[in-house]
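Structure, as structure tokens:
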Amino acid sequence: MTYSTKYHLVLVLLIFPLHILAQTKFAIPLGSSLIANDETTPWLSQSGDFAFGFKKIHTQSQFLLCIYYAKIKDATIVWYAHGGNLVPRGSIAELNPQKGLILRDPKGKMIIWSTGRIGSNVAYAVMNDTGNFVLVGVDSSVLWESFRYPTDTLLPTQILDINNKLVARKSESFFVPGRFYLRMLSDGNLVLVTQSKPTNFDYDAEYYNSHTSDSGDEANSGYRLVFEEFGSVYILKRNNQRLVLTPPNVPSISENYHRLSLDFDGVLTHYYHPKSTSTGDQKWNTLWSLPDNICLAIFEDIGSGVCGFNNVCHLGENQRPYCECPKGYLLIDPNNKYGSCKPKFVPSCDEFGQGNPEELYDFDVVTDVDWPLSDFERIYPSAEEECKKACLEDCFCAVTVYRSNSCWKKKRPLSNGRVDTSLNVKAFLKIRKV
């Protein structure tokens, strides 16, 4: 047996501890079921840290089949079935010997979702203390497990192999797939990318790349992201070298829950939360996150950027972005602050030539704001007043940005909007006079 083979065997034993198969006392027997309502008791792990069951989302009648932390107040969800789609009250999840875990409609007639082909008969299931839900075969083999099919979160002892991914949910409480992906590529790089919805077309813009690919030496390339049992997160290379992403001092895994989540806003964050309820700080704290500034990191020729079109990305607390429509614009969907903004008015070229533009339009002046890929004309050299006048007299110009004797006229829809002092620009947004 080679060193590499021995190492992989040890890693497998760490990732899939033997007590998965030894918890027969807490085994979930065949025929067990859960009903989407307020009364059904979830399937708990031996410690009671994790629960598998239905959680009510939004309304009284919509539920999500998921795994969540059972002992903390907000019951944070770490995995969900059925692509994050909600199911109506009365839906049934049941353990079937041939089909594994299946999710049926309230009448029990239609299968909505299942774990798929599992290759052998199921003996029982286990909600493991690591947060891994496991289907165990009659020969004690692992037939299916939630750790192999992550949604937006990794937990300690979980790995992300080549061609696997995390997908951010659409919003904080809307669990269907969103625009942001964490991928372990076949070339060995771990990347954060954006994706078009609903076409699932990958945009080329990576807003994080681990640079762990080595075309000259495949053994020096990464091939899996590992969240090891003591809380460290690293990219493992084929030569067993590691690129550690976690800072040196990791809060105790015995005293804290840990999770690595790709948040709905595109930030990959390692969180920790005290297990003890006697601790005053009963919330998720950030240990580290990627990228440092997502507003500047995402720079895509196709797509809107972090926020929707015509919106502007601001960097908030813990490197998390928030979005605000500029003056003269309103959210298309008032319930989605990260979405696109519509102008309160659209200049008509028919208006030009019928009067003085200065009588119709004014400018809202903002500093350190830019939409860098929305240019349609550059004027150089230009004074600031000349820059404003050029936009005022152009019916296609929505905003003009001035910096260092250069003027950029920009068209709608504005994309990749961001605020940052490093931009050192002044923007003039054209608005209609009241």
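The values are calculated or read from the model by the stated rules, or taken from the named source; none is laboratory data. What you see is a predicted model; the values in this text were computed from it and never measured. Note: ideal-geometry Cβ built from the backbone for every residue, glycine included; neighbour counts use all protein chains shown. Note: areas computed on protein heavy atoms with side chains; ligands, DNA, RNA excluded. Shrake-Rupley method; radii C 1.70, N 1.55, O 1.52, S 1.80 Å.
Checked across the range 218-229, the condition of being open to solvent by less than 30 Å² (accessible area, probe 1.4 Å), of a type in the set (A, V, I, L, M), modelled with pLDDT of 95 or more and on the phi < 0 side of the Ramachandran plot holds for at least one residue.
Test of understanding: among TYR329, TYR338, TYR322, which residue is in contact with a strand residue (DSSP E or B) (Cβ under 9 Å, 6 or more places away or on another chain), aromatic (Phe, Trp, Tyr), under 17 Å from ASP265 (Cα atoms) and without any contact (Cβ under 8 Å) to a residue 60 or more places away in the chain?
Numbers: TYR329 fails: under 17 Å from ASP265 (Cα atoms); TYR338 fails: without any contact (Cβ under 8 Å) to a residue 60 or more places away in the chain.
Every option except TYR322 fails the conditions.
Taken over the range 67-122, the criterion of being β-branched (Val, Ile, Thr), touching a helix residue (DSSP H, G or I) at 6+ places or on another chain (Cβ under 8 Å) and without any contact (Cβ under 8 Å) to a residue 60 or more places away in the chain is satisfied by ILE112 alone.
So, LYS389, is that one of a type in the set (D, E, K, R) and touching a residue at least 12 places away in the same chain (Cβ under 8 Å) or not? Before the answer, list the steps.
Working: of a type in the set (D, E, K, R): yes; touching a residue at least 12 places away in the same chain (Cβ under 8 Å): no.
Taking the combined requirement at face value, the residue does not satisfy it.
Taken together, the residues in the range 366-389 that are out of contact with any helix residue (DSSP H, G or I) (no Cβ under 9 Å at 6 or more places or on another chain), modelled with pLDDT of 95 or more and among the aliphatic types (A, V, I, L, M) amount to 2. Screening ALA36 with (1) in contact with a strand residue (DSSP E or B) (Cβ under 6 Å, 6 or more places away or on another chain); (2) surrounded by fewer than 21 Cβ atoms within 10 Å (Cβ to Cβ); (3) more than 23 Å from ILE118 (Cα to Cα) gives one miss only, at (2).
Select, from VAL401, VAL419, VAL425, the only residue that is touching a His at 6+ places or on another chain (Cβ under 7 Å) and either open to solvent by less than 20 Å² (accessible area, probe 1.4 Å) or closer than 20 Å to ILE294 by Cβ (or both).
On the way: VAL401 fails: touching a His at 6+ places or on another chain (Cβ under 7 Å); VAL425 fails: touching a His at 6+ places or on another chain (Cβ under 7 Å).
Criteria check complete, one pass: VAL419.
Here GLN23 meets the list (1) open to solvent by 40 Å² or more (accessible area, probe 1.4 Å); (2) at pLDDT below 95 almost entirely, failing just condition (1). Contact annotation: residue pairs with Cβ atoms under 7 Å, 6 or more positions apart or on different chains, pairing a residue in the range 264-282 that is within 20 Å of GLY316 (Cβ to Cβ) with a partner that is of a type in the set (Val, Ile, Thr) and buried (at least 19 other Cβ atoms within 10 Å of the Cβ), are GLY266/ILE294; GLY266/VAL306; VAL267/ILE294; HIS270/VAL233.
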